[in-house]
């Protein structure tokens with residue numbers, strides 16, 4: 001019997017140890033600045049946080065499934081808008097954080113000589129894009145193609161429809177495709193330097209997204225949630241965003 | 001021309017090994033290979049059949065060097081102690097398996113299998129699966145399977161060891177009948193001397209990967225050439241010096257007594273003599289009117305009962321003998337430890353080796 | 001004394017059994033929730049959706065092809081590892097075993113690298129075997145994920161078959177190939193069945209390797225686990241759960257058959 005009690009105490013302690021004071025749902029692409037800000041925030045307030053990184057659709061689905069979360073930071077405003085419609089986030093807490101700018105990436109040396117969106121439609125060019133329904137980049141890419149009227153022409157060139165944005169990065173870095181469209185901030189990651197080249201998309205042809213943040217309606221720890229929500233939108237937070245290659249949207 | 005000739009066979013598998021093996025057999029020979037566990041007996045069989053390639057030495061079968069030939073080309077049959085019947089075949093299929101390779105006509109296969117099964121008294125088991133058979137039945141199926149392809153040479157690895165005594169006796173006599181009828185040359189591994197007595201005409205004694213003695217049954221059992229073989233076959237081996245040659249007898253000085261032998265030797269030579277335990281008769285008083293030349297005073301050191309027979313350990317001065325005596329003879333003579341007795345041995349049973 | 005000993009045993013039994021039942025119950029709940037959370041009409045509808053039909057069909061086709069190929073390779077490799085002594089055997093064993101411990105994603109990445117722009121990839125491309133982002137790639141990913149399991153099972157199966165059975169067959173005049181087909185294979189029947197079933201379950205369930213090598217493109221290289229993942233990403237829980245149920249049924253059947261054959265690792 002003594003052992004059973006001890007066992008229960010250990011279980012309880014372990015469970016307690018893992019329980020975080022703040023639960024954050026974040027788009028997987030934001031992992032670098034998010035880890036830094038979370039670390040700073042933990043030190044400042046002497047608390048524990050837990051971040052669940054996933055595709056924007058995935059974390060949206062988690063919210064829909066009723067998983068408890070304090071702060072929701074998806075990769076595009078569409079998700080906070082939809083969440084607001086369902087009453088899952090608090091309207092007043094939605095901040096626009098930084099710009100999420102799609103760009104074309106090509107392997108080092110640009111083997112297919114891609115210099116703009118039109119080059120992607122050239123026969124034989126292998127293009128990897130995000131699944132329009134899965135990562136935020138997939139949906140935006142589709143919209144960019146539609147905006148520029150090349151949806152039909154580019155279709156035969158689409159070699160792979162990736163469910164995650166990280167796959168796109170790998171495929172380009174490993175020269176499996178000639179080009180892909182991903183977020184600009186992803187290319188600033190040190191480990192991919194020297195493997196990729198960036199081809200910008202002119203502003204008028206591009207669809208630039210804004211990364212939003214919001215506090216959840218059912219946040220278990222609303223007070224801390226609001227603090228974190230404000231922190232990542234603050235001057236201090238913006239410095240970190242800029243450091244990792246994001247452009248503040250200037251409210 | 002010899003039928004099977006093994007010349008200077010060496011094989012080392014680490015744990016088990018063989019060294020300097022020389023064996024020559026004639027057609028129809030029945031060789032019993034005897035030795036303690038781990039003597040390399042099974043390794044010998046598996047080298048002959050071709051599952052191990054010897055490190056050195058050659059094996060000739062019917063005048064042909066088969067050392068490098070594939071096992072499937074050698075036409076050598078094997079029967080294991082645990083029979084190793086193929087569990088996914090019926091008894092019939094097990095026996096017919098080797099036949100099917102060369103004989104395509106179903107009717108002839110059936111005839112042959114039936115004939116073999118009848119000879120081995122397993123014709124009522126043909127439809128059964130091996131796992132449902134008793135040990136003795138499995139043993140006969142394994143024998144039938146090996147014999148039906150008429151192998152040039154039949155190898156048997158302790159084929160009778162796993163059987164109960166009654167079945168073993170029956171199997172032994174059946175084996176003798178079948179083998180002598182088919183004139184097959186056989187190598188039979190056993191640790192049971194009775195198997196060798198009952199079946200073999202040649203014997204090889206193995207120890208630690210080496211062959212200690214090879215020869216006819218009579219030679220090996222009556223004239224063991226070294227201590228190990230003598231102990232193994234139960235004979236007494238004594239050291240002595242030839243003292244005198246007289247009227248066809250050789251008189252040998254052993255310890256503080258003399259032994260008379262019919263074997264020839266030269267005076268002054270150091271010799272070893274072997275005496276088999278069943279050839280010694282024990283008496284309490286000096287027997288009269290007997291032809292035996294050797295009567296030796298001895299003391300009973302120990303009496304060991306082995307079922308129906310007893311082993312008496314005798315000591316004459318410093319020399320120890322073992323003697324086989326029937327149990328009832330021990331009672332009749334009222335033999336006890338430390339009794340003084342006389343060991344009586346015929347000159348023809350004292351063999352110079 | 002006797003009673004105390006008895007009590008000790010029963011406490012021992014009780015504590016171990018309670019742990020066993022606790023986990024079993026938890027697993028049962030977890031599995032059960034997959035079946036009871038979605039509505040049945042939803043599941044029925046989802047199963048007939050074109051996406052699910054495509055994914056199920058592709059899963060089955062690639063699963064059968066890769067399982068057949070896995071067995072074709074696992075039989076000789078498992079036999080060689082069990083029977084032969086050869087130079088570098090330990091090395092071969094380690095390498096063929098490695099993918100068992102590998103995360104699938106790493107395996108996928110390795111395969112992508114070798115089948116991508118290397119001479120191996122170029123050569124395979126030239127004979128019409130393009131594995132990157134294709135349905136062939138799905139089968140290749142499944143093949144390499146399941147192969148080590150199959151090799152392991154086949155090796156231990158052959159380990160349990162007495163080599164003297166094969167000796168006997170050869171002494172009766174059959175060549176090594178004939179012996180392999182007449183004796184080794186029939187005796188390995190249970191192991192082959194178990195290995196096939198496990199491989200098939202492994203093939204059908206492979207996610208990470210397929211995702212990286214074949215891309216996991218919607219309605220193109222989409223197999224059941226990809227459907228599950230894609231639909232979690234889409235936020236379409238009904239569809240995700242349905243593919244989960246289909247996968248679960250396939251695995252359950254596999255484990256059931258595996259248990260029936262009474263062959264373990």
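Values computed for the structure shown
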quantity	calculated
Longest to shortest principal axis, alpha-carbon extents of the range C:177-265, angstrom	55, 26, 19
Pairwise FRET efficiency - residue C:178 versus residue A:81, Cβ, R0 = 60 Å, nearest 0.05	0.25
Percent RCO, i.e. relative contact order, over the range C:106-184, from Cα pairs under 8 Å lying at least 6 residues apart	17
Distance from the range B:183-220 to the range A:226-251 (C-alpha centre basis), Å	95
Spin-label pair residue A:243/residue A:64, simplified geometry with 7 Å Cα→Cβ offset, distance in nm	3.6
The protein assembly as shown - Kirkwood radius from inverse mean 1/r over Cα pairs (Å)	35.4
In range of the label at residue B:53: residues from the range C:174-214 whose backbone nitrogen is under 19 Å from the point 7 Å along Cα→Cβ	C:175-177
P(r) of the range B:49-141 over all Cα-Cα pairs, binned every 5 Å from zero, in whole percent	2, 12, 19, 18, 16, 13, 11, 6, 2, 0
Prolate/oblate/rounded call for the range A:102-199, Cα gyration tensor, a/c under 1.5 rounded	oblate
Separation of the residue C:89 and residue B:289 label points, Cα + 7 Å toward Cβ, nm	7.4
Peptide A:50-61 - average C-beta neighbours from other chains (10 Å radius)	3
Estimated 222 nm signal from helices in the protein assembly as shown, with DSSP H stretches of n ≥ 4 weighted -39500 (n - 2.57), rounded to 500	-14500 deg cm²/dmol
Volume per residue that the Cα convex hull of the range C:90-234 spans, once the total is divided by residue count, Å³	144
Rg and Dmax [Cα atoms of the range B:145-217; Å; Rg one decimal, Dmax integer]	12.7, 35
Rg ratio (alpha-carbon, reference 2.2 N^0.38 Å) - the range C:137-220	1.47
Gyration tensor (Cα) of chain B, equivalent ellipsoid semi-axes in angstrom	45, 24, 16
Shape box of chain A [Cα atoms, principal axes, largest first, Å]	72, 43, 32
For the range C:39-260: relative contact order, % (alpha-carbon pairs under 8 angstrom, 6 or more apart)	31
Cα-Cα P(r), the range B:1-104, percent of pairs per 10 Å interval	13, 39, 33, 14, 1
Radius of gyration, Dmax [the range C:8-74; alpha carbons; angstrom]	20.6, 60
Using a Förster distance of 56 Å, the FRET efficiency for residue B:333-residue B:269 (Cβ separation, nearest 0.05)	0.90
25 °C / 0.890 mPa s Stokes-Einstein diffusion coefficient of the range B:234-352, Kirkwood radius on C-alpha pairs, µm²/s	168
Cα centroid separation, the range A:117-159 to the range B:326-347 (Å)	110
Relative contact order computed over chain B (Cα-Cα under 8 Å; 6+ residues apart), in percent	15
10 Å-binned pair-distance histogram of the range A:46-118 (Cα, whole percent)	14, 38, 22, 17, 9, 0
Value of Rg to Rh for chain C (Rh from inverse mean 1/r over Cα pairs, i.e. Kirkwood)	1.07
Space enclosed by the convex hull of the alpha-carbon atoms of the range B:288-353, per residue, Å³	112
Debye equation applied to the C-alpha atoms of the range B:104-202, log10 I(q)/I(0) at 0.13, 0.15, 0.23 Å⁻¹	-0.46, -0.62, -1.37
Rounded FRET efficiency, nearest 0.05, which uses the C-beta distance separating residue B:253 from residue B:27 and R0 of 51 Å	0.70
Packing-based order for B:110-123, A:150-163, using average beta carbon neighbours within 10 Å, highest first	A:150-163, B:110-123
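Every number here is computed from the coordinates shown, using simple stated rules; none is lab data. Note that the structure is predicted; figures quoted are calculated from it, not measured. Cβ sites come from the backbone with ideal geometry, for glycine too, and all protein chains shown count toward neighbours.
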